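Read through the structure below, which is laid out as structure tokens, and then see the notes.
The values are calculated or read from the model by the stated rules, or taken from the named source; none is laboratory data. What you see is a predicted model; the values in this text were computed from it and never measured. When we count neighbours, we look across all protein chains shown, and the Cβ atoms used for this are built from the backbone with ideal geometry, even at glycine.
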């Protein structure tokens, strides 16, 4: 759930205003679409009940080539460890590529895993099940519409796939071990690296903690090597959930 005072809707509003006011752009880049507003509501929900209510009433949209991630919690109620291979999402309606995973599942344990599926063409897509091989001998599956607990959430698994967009692989690296806590007023430097799946343009980045990273909104000028150098200073005490929002347009082919 959203644990940061800076909501995704607020970040979207601030960055689009910055684009309009400082760059004079009047396009989809400088305004929030209905789909983007709905996604913000989902990710800004303060409780699971609020999020579920939004999802139930909203048909989600995605793009050709843009990954869909679904997180599952699995429980091994048996008294033996499980060897699971080729664990993946399965869909219907459009061509897709699903990433398979393998896990060692300890006896009487819960396990959270995030699965990835990528639509390869436009159309109506529905996620139908997860499947896996058990001990390399048995094919197992969980079909979503046969699960009583998921019947009220049918729209969660339906997507309208639109024309191809650019998916981003974004990583943050700092010059220190981030598994260790920062000391108040400690400084560090780092880099936010953006790797698009397609050429992009008009790239802007906004940060939810401008006083920690020294900026709120920046335009990236070098589109051949997309990165943003960061200078961090720990000016707040406590556990912080820092958000970066990247807004961009797909470059013409």
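The listed residues are 156, 113, 183, 117, and the only one of them that is in contact (Cβ under 8 Å) with a residue 12 or more places away in the chain and loosely packed, with under 10 Cβ neighbours inside 10 Å turns out to be 183. Give me a count of the residues in the stretch 233-253 that are outside any strand (DSSP E or B) and touching a strand residue (DSSP E or B) at 6+ places or on another chain (Cβ under 6 Å). Total satisfying the criteria: 1.
Taking the stretch 186-223 as the range and being in a loop (DSSP other than H, G, I, E, B) and within 22 Å of residue 236 (Cα to Cα) as the test, the residues that pass are 186, 208, 209, 214, 215, 216. Within the stretch 238-253, if we keep just the residues that are in contact with a helix residue (DSSP H, G or I) (Cβ under 8 Å, 6 or more places away or on another chain) and either surrounded by fewer than 17 Cβ atoms within 10 Å (Cβ to Cβ) or over 15 Å from residue 28 (Cβ atoms) (or both), the residue that is modelled with the lowest pLDDT turns out to be 240.
Residues in the stretch 51-65 that are under 17 Å from residue 166 (Cα atoms) and touching a helix residue (DSSP H, G or I) at 6+ places or on another chain (Cβ under 9 Å): 61 alone. A single member of 99, 80 is surrounded by fewer than 16 Cβ atoms within 10 Å (Cβ to Cβ) and either under 22 Å from the mean Cα position of the chain (by Cα) or under 30 Å from residue 44 (Cβ atoms) (or both), and it is 99. Tell me which residues, restricted to the stretch 12-30, are surrounded by 13 or more Cβ atoms within 10 Å (Cβ to Cβ) and within 27 Å of residue 157 (Cα to Cα). Across the stretch 12-30, the qualifying residue is only 12.
Output yes when any residue across the stretch 80-101 is in contact (Cβ under 8 Å) with a residue 12 or more places away in the chain and out of contact with any strand residue (DSSP E or B) (no Cβ under 8 Å at 6 or more places or on another chain), and no when none is. There is at least one residue in the stretch 80-101 that is in contact (Cβ under 8 Å) with a residue 12 or more places away in the chain and out of contact with any strand residue (DSSP E or B) (no Cβ under 8 Å at 6 or more places or on another chain).
Comparison of 161, 205 shows that the only residue that is modelled with pLDDT of 90 or more, over 19 Å from residue 6 (Cβ atoms), surrounded by 13 or more Cβ atoms within 10 Å (Cβ to Cβ) and under 24 Å from the mean Cα position of the chain (by Cα) is 161.
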